[in-house]
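Encoded as structure tokens, the structure appears first; notes follow it.
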Amino acid sequence: MSDLSDVSLLDRPAPEAAPSEPSFEAKLQFLSQFGAGGVGHSGHVLLDHLKGTAALLEAWGVDEAVRDAGLFHSVYGTESFQRAILTLDRRGDVAAVIGERAERLAYLFGAMTKRSFMLALAPRGPGMLTLQDGRQEPVARSDLKDLAHIFTANWLEQFPRMQPRQRADAGPRLRGLLAWLDEAGHKALSDTYGFDASSRVVRGPIGAPRAGEIRTLEGIVPTDLQLQLSGLMDRNIWRYGWRANSTQVNHSFWHSHFGGGDENSLDNCEKELLGRPLITPVIALWKLICDQVVGDHVPVRVYANGHTFGGDGHMHTDSAQPDYFTTIYYAHPQWEANWGGETVFFDQGGRDVIRSVFPIPGRLAVFPGDIPHAARTPSRDCPALRTVLVFKSRARKAHDGPSLL
């Protein structure tokens, strides 16, 4: 006798397979379909920015929903990015591609105000986001944590393309993210901004250069101070028309004076540097130079120079006084091998170059003031302003009194 139950089982149609989740490639195709590859964003195209943000999140080990929210975080536009590729009536379509949780995070990221987000991250934050239309949206701590990772990845993806001032100004605000980030994201943000003071290399005093010595130093200036200094150079501080000395008559360069007299002055200019919030990072750098290199010196001239193609400085010396040093800090945030801009040093007769110092960002060059030297122009290929901070200093004397800085 046949087993009819077996026959009926064979005759039944196979159950339908559960629909599979859209692949990452399908999600990219969805973004492309709605024009993400043709919209500009932060010197890039939007699609590349979204992919870069998602790649950072994936590298930090977040779950797929947070990664996908990062991939779609700007599709509805944001407070600072107004070129939305999708309207809010498409939220259901987006949820069908990346899931409801990821879509909600992408929606919140685009709809919230940055100020309310930073307030919500505070230790006693309100647990509420203010949306750009004025509505209040309750938000769970788990959502804030996910949004903190997306916000950080979004920022760091754009960081290499940002203007120095934008990078520097954001630093204090970004510190509030650290408590919400997992280890990998925390490290990425801390390394970029130098937030982790415990990771800094603590050095003993290096000491001033000897007579005739040109000393270059790297790794002395902390990352956060480097960002503040390059941000200062990106502000409207410049006047055009400065010359290295009286022999330079045919062309000039950019200059910003912070303190001190003329090129022959030996007067202590500490008082001129006080009470000026704009140059707080300049004072911090000077203190570091004293602590690490020149010792108990007083500043006699402090200024910044900016050079573009064709704006060489002429050979000159700064002072023949004993215990007088010049310290140059290269403040531009990036520099490439083909951009030129070296500081060249000559023998005392000015007949030959004895040393050339390449303007690596964050580098210090320290030397006695009687060594002839000149700034060489950036090359024609260089798109950037070569910026230096210059400190002319001498040993502190009894009449100077203790430091005011």
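The values are calculated or read from the model by the stated rules, or taken from the named source; none is laboratory data. These figures come from a predicted structure and were not determined experimentally. Glycine gets a Cβ as well: all are built from the backbone with ideal geometry, and neighbour counts include every protein chain shown.
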Assuming LEU364 fulfils every condition listed in (1) more than 28 Å from LEU266 (Cβ to Cβ); (2) buried (at least 20 other Cβ atoms within 10 Å of the Cβ) apart from one, which condition is it? (1)
Total residues in segment 24-38, condition exposed (fewer than 15 other Cβ atoms within 10 Å of the Cβ) and more than 31 Å from the chain's Cα centre (by Cα): 4
Please determine whether any residue of segment 24-40 is part of a loop (DSSP other than H, G, I, E, B), at pLDDT below 95 and either closer than 15 Å to ALA102 by Cα or assigned by TED's automatic domain parsing to the domain that holds LYS187 (or both). no
Evaluation of VAL353 against (1) surrounded by fewer than 16 Cβ atoms within 10 Å (Cβ to Cβ); (2) assigned by TED's automatic domain parsing to the domain that holds LEU232; (3) touching a residue at least 24 places away in the same chain (Cβ under 8 Å); (4) not charged (D, E, K, R) (one fails), failing number: (3)
Tell me, which helices (runs of 4 or more DSSP H) lie completely within segment 88-178 with 2 or more residues that are at negative phi and over 16 Å from the mean Cα position of the chain (by Cα)? 91-98, 100-111, 114-121, 141-158
Among the candidates ALA374, ALA320, single out the residue that is touching a Gly at 6+ places or on another chain (Cβ under 9 Å), assigned by TED's automatic domain parsing to the domain that holds LEU285, surrounded by fewer than 14 Cβ atoms within 10 Å (Cβ to Cβ) and touching a residue at least 12 places away in the same chain (Cβ under 8 Å). ALA320
Taking segment 268-306 and the residues there that are surrounded by fewer than 16 Cβ atoms within 10 Å (Cβ to Cβ) and among the charged types (D, E, K, R), the one that is nearest to ASN236 (Cα to Cα) would be ARG276
